[in-house]
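The block underneath contains the structure these notes are about, expressed in structure tokens.
No lab work stands behind these numbers, since they all come straight from the coordinates. Keep in mind that what you see is a predicted model, and the values were worked out from it rather than measured. Quick reminder, even Gly has a Cβ in these numbers, built from the backbone with ideal geometry, and neighbours come from all protein chains shown.
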Amino acid sequence: MSKGKSRKQRTNKPPIILPQGFADTAGGKGSPSLLGNQSKHVQELIDILKRNNLTELELEREGVRIRVRYEQGIKTVTTTVADVGPGTVTSASQAIPAGSTPVEDTSGMVTIASPIVGTFYRSPSPDADPYVEEGDYVKKGQVLCIVEAMKLMNEIESEVDGRVTKILAESTKPVEYGQALFLIDPKATP
Amino acid sequence: MFKKVLIANRGEIALRVIRACKELGIKTVAVHSEADAGSFHVKAADERICIGPPEAALSYRNIPNVLSAAEITGADAIHPGYGFLSENAHFAEVCESIGIKFIGPTSENIALMGDKAKAREIVARKGLPVTPGSPGELKSEQEALDAATKIGYPVIIKASAGGGGRGMRVVNKADDLARAFQAAQAEAKSTFGHDGVYLERYFLEPRHIEVQIIADHRGHVIHLGERDCSIQRRHQKLVEETPSPAVDEKLRKEIGRVAVEAVKAVHYRNVGTVEFLLDKDHNFFFMEVNTRIQVEHPITEMVTGVDLIKEQIKLANGQVLSIKQQDIRLNGHSLECRINAEDPEKFTPSPGLITKYNAPGGFGVRVDSAMESNAMVVPHYDSMIAKVITHGRDRQEAIARMRRALDEFVIEGIKTTIPLHKRILNDPDFQKGHVSTTFLDRFLAG
């Protein structure tokens with residue numbers, strides 16, 4: 001394994017997903033071509049990812065940055081709760097995908113449900129604008145809201161591209177596991 | 001007194017706790033998995049929060065979700081029931097650190113008594129009788145061999161982090177020890193996450209006798225008599241009774257005294273149970289302490305009149321014990337049958353929809369259950385669906401009432417172990433009170 005910088009990342013920026021055959025082909029124009037042995041690094045990253053149950057891994061070396069994200073068919077959410085104690089956590093944040101596999105109801109809408117128990121907030125802070133409004137077009141991985149649990153701010157991401165047709169939960173109110181938060185129309189275009 | 005209690009459990013025990021809270025004027029929060037959304041205990045509570053999918057690890061044992069539910073509902077205490085998080089020292093500790101009262105013993109009590117080898121050591125050092133065995137955990141095969149030679153075969157190898165009758169192996173001769181030792185360690189590691197094991201003499205036909213204790217924060221401890229839980233299948237209890245047919249008043253005082261001394265030695269708080277083995281000559285030996293309310297607690301309630309769940313709540317609230325040892329009398333006799341959703345002969349699970357449910361009643365009959373007509377028995381959890389408890393002036397009357405109650409009990413749509421219980425009650429040895437922990441195996445074999 002190279003001595004390049006690699007770190008586990010949990011971020012709400014859309015990750016770069018390497019298509020299946022990318023490692024085998026030359027890179028795009030303007031970027032250094034991906035050499036044969038670098039495809040080996042990509043495979044090593046993927047192996048490290050799987051062995052350690054990570055979702056993203058980034059490697060930077062010799063001017064090339066490779067980020068790999070592992071996508072599973074069925075989402076299992078692993079939430080790590082920071083040590084809870086009075087005053088030890090003021091604001092920590094993490095992004096987790098919406099808990100249940102996105103449910104398509106009969107009208108073709110996708111329901112984004114809460115994967116945890118907590119308090120629903122539409123904005124990152126009381127005086128900030130809400131993350132999204134009804135009618136907004138959102139992309140997969142985009143943060144829609146925060147569910148706060150035990151002083152930990154959990155950013156809930158959209159599972160699909162689409163238009164927010166309905167906001168189903170009320171800001172500052174408690175939500176339970178599986179409670180519907182947003183309805184998204186996946187067939188809508190920007 | 002607490003304003004609101006969250007019950008971190010399900011089924012009959014959740015309902016039991018909700019009932020005690022209602023009687024004390026305390027509001028209740030039922031947390032439930034998606035599978036239990038329509039459950040009777042959820043309907044009985046004042047508030048409900050869904051905390052996860054059916055899998056227990058993601059719902060009933062999901063500490064962040066349970067604590068978050070307590071936070072958003074403003075609960076000031078959590079009752080963990082039995083199983084799930086009830087003997088999770090880490091959970092008790094987290095509750096303590098965030099200012100939510102854990103209704104049960106302290107996290108130190110749980111951690112200490114959860115280490116079965118260490119608990120034996122502490123009790124032995126107090127000069128109290130323990131089953132002859134290894135002083136603590138066995139560090140090597142050689143140590144195991146030496147200990148077994150000293151104690152005498154047969155021996156039983158047990159997991160230190162175990163309990164509930166799991167992770168145990170009987171060894172009849174020295175040749176089998178090495179293999180059993182390694183297998184027990186591996187099993188302990190995979191089941192309980194810790195490979196520590198210890199060794200005890202294996203009694204051939206012992207009785208399982210356990211003593212109910214209650215302790216307050218000032219160190220006052222009383223016992224509420226013994227329960228005989230010898231009728232077990234694969235170390236899972238099926239029928240319990242109090243008083244034990246094998247224990248007379250003199251022995252009761254003695255076992256009770258030892259149980260109280262054992263829990264005092266570890267500064268135990270709240271309600272707990274001390275388990276003993278009784279051999280054929282009526283010698284008794286300390287086995288372990290269960291740091292929770294037990295499934296069979298109702299039979300003690302029937303003979304003593306003490307509401308154990310209310311005592312747990314009051315003690316957790318900081319009250320001192322209002323009952324003195326001399327106030328405790330065992331009146332009459334009580335029996336409990338655990339009804340499981342299983343085939344009564346093959347013991348295969350029988351989940352499904354209960355199409356008709358009609359629980360027995362009448363003088364001296366109590367049923368603790370969260371089942372009802374059109375309730376779904378889901379496969380994700382323990383198969384016990386009801387406890388039938390009877391009380392009578394003597395053992396004969398308690399048995400007659402149990403027989404009558406089981407005849408009346410209607411559960412259609414699934415298979416239950418009611419027919420098995422009826423057979424047990426009709427057995428001549430059972431009727432004479434001649435049972436030991438090998439009773440059911442012999443009974444089932446033919």
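State, as an integer percentage, the relative contact order of chain B based on alpha-carbon contacts under 8 Å between residues 6 or more apart.
Working: 971 pairs, mean separation 62.2, N = 446.
Over chain B, the number comes to 14 percent.
Sort A:Thr172, B:Thr242, A:Thr165 so that the residue with the fewest other Cβ atoms within 10 Å of its own Cβ comes first and the one with the most comes last. Mind dumping the intermediate values first?
Details: A:Thr172 11, B:Thr242 30, A:Thr165 15.
With the sparsest Cβ surroundings first, the list reads A:Thr172, A:Thr165, B:Thr242.
With the contact rule set at Cα under 8 Å and sequence spacing of 6 or more, what percent relative contact order holds for the range B:270-384?
Working: 115 pairs, mean separation 21.0, N = 115.
So the answer I get is 18 percent.
State the three equivalent ellipsoid semi-axes of the range B:362-406, derived from the C-alpha gyration tensor as the square roots of 5 times its eigenvalues, in descending order and whole Å. Present the calculation step by step, with values, prior to reporting the outcome.
Values: eigenvalues 143, 22, 11 Å².
Each semi-axis is the square root of five times an eigenvalue, giving 27, 10, 7 Å.
Residues in the range A:154-187, backbone N under 19 Å from the label point at A:Glu134 (7 Å along the Cα-to-beta-carbon vector): list them, ranges by number please.
A:162-173, A:180-187
I need the semi-axes of the equivalent ellipsoid of the range B:376-434: take the C-alpha gyration tensor, multiply each eigenvalue by 5, square-root it, list largest first in whole angstrom. Walk me through the numbers before you get to the answer.
Details: eigenvalues 126, 31, 23 Å².
Whole-Å semi-axes of the equivalent ellipsoid: 25, 12, 11.
Report, ordered by chain and residue number, the lysines lying within cross-link reach of B:Lys173, taken as a straight Cα distance under 18 Å and ignoring same-chain residues fewer than 8 apart.
Output for B:Lys173: B:Lys150, B:Lys158.
Rounded to a whole number of µm²/s, how large is the Stokes-Einstein D of chain B at 25 °C and 0.890 mPa s, given Rh as the Kirkwood radius over C-alpha pairs? Can you show the working numbers first?
Details: Rh = 22.5 Å.
Estimated diffusion coefficient is 109 µm²/s.
Tell me, rounded to the nearest percent, the portion of alpha carbon pairs in the range B:132-201 spaced more than 19 Å apart.
Pairs farther apart than 19 Å: 19 percent.
With the dipole of the range B:358-397 worked out from charges on the C-beta (+1 for Lys and Arg, -1 for Asp and Glu) around the Cα centre, which of B:Ala386, B:Asn374, B:Gly361 lies farthest toward the positive end?
About the Cα centre, the residue reaching furthest to the positive side is B:Gly361.
Plugging the Kirkwood radius over Cα pairs into Stokes-Einstein for the range B:180-269, at a temperature of 4 °C and a viscosity of 1.567 mPa s, what D comes out in µm²/s?
Values: Rh = 15.6 Å.
Stokes-Einstein gives a translational diffusion coefficient of 83 µm²/s.
Excluding B:Leu177 itself, calculate the net charge of residues whose Cβ lies under 12 Å from the Cβ of B:Leu177, where each Lys or Arg counts +1 and each Asp or Glu counts -1. Don't skip to the answer; put the middle values down first.
Numbers: positive: B:Arg169, B:Lys173, B:Arg179; negative: B:Glu141, B:Glu143, B:Asp146, B:Asp175, B:Asp176.
The answer is -2.
What percent do you get for the relative contact order of the range B:4-103 when only Cα pairs under 8 Å and 6+ apart count?
On the way: 185 pairs, mean separation 28.9, N = 100.
In percent, rounded to a whole number, it is 29.
Treat the range B:221-376 as a sphere of radius equal to its Kirkwood radius over Cα pairs and apply Stokes-Einstein at 10 °C in a medium of 1.306 mPa s; give the translational diffusion coefficient in µm²/s, rounded to a whole number.
The diffusion coefficient I find is 90 µm²/s.
Taking the Cα centre of the range B:329-445 as origin, sum charge times position over the Cβ atoms of Lys and Arg (+1) and Asp and Glu (-1), and report the length of that vector in debye to the nearest 20.
Numbers: 16 positive and 15 negative charges, 75 e Å.
Computed about the Cα centre, the dipole is about 360 debye.
Can you flag which of B:Lys22/B:Lys415; B:Lys280/B:Lys324; B:Lys101/B:Lys189; A:Lys140/A:Lys166 are past 25 Å Cα-Cα? Provide the component values of the computation, followed by the final result.
On the way: B:Lys22/B:Lys415 33 Å; B:Lys280/B:Lys324 32 Å; B:Lys101/B:Lys189 31 Å; A:Lys140/A:Lys166 17 Å.
Exceeds cut-off: B:Lys22/B:Lys415; B:Lys280/B:Lys324; B:Lys101/B:Lys189.
Give me the tail of P(r) for the range B:102-172 as a percent: Cα-Cα pairs with distance above 20 Å. Could the numbers behind the result be given before it?
Details: 879 of 2485 pairs.
Result for the distance tail: 35 percent.
Two decimals is fine: what is log10 I(q)/I(0) at q = 0.13, 0.17 Å⁻¹ for the range B:324-389, from a Debye sum with one equal scatterer on every Cα and no solvent?
-0.49, -0.71
Based on the Cα atoms of the range B:90-240, what semi-axes does the equivalent ellipsoid have, where each is the square root of 5 times one gyration tensor eigenvalue, given in whole Å with the largest first?
On the way: eigenvalues 170, 75, 48 Å².
Square roots of five times the eigenvalues give 29, 19, 16 Å.
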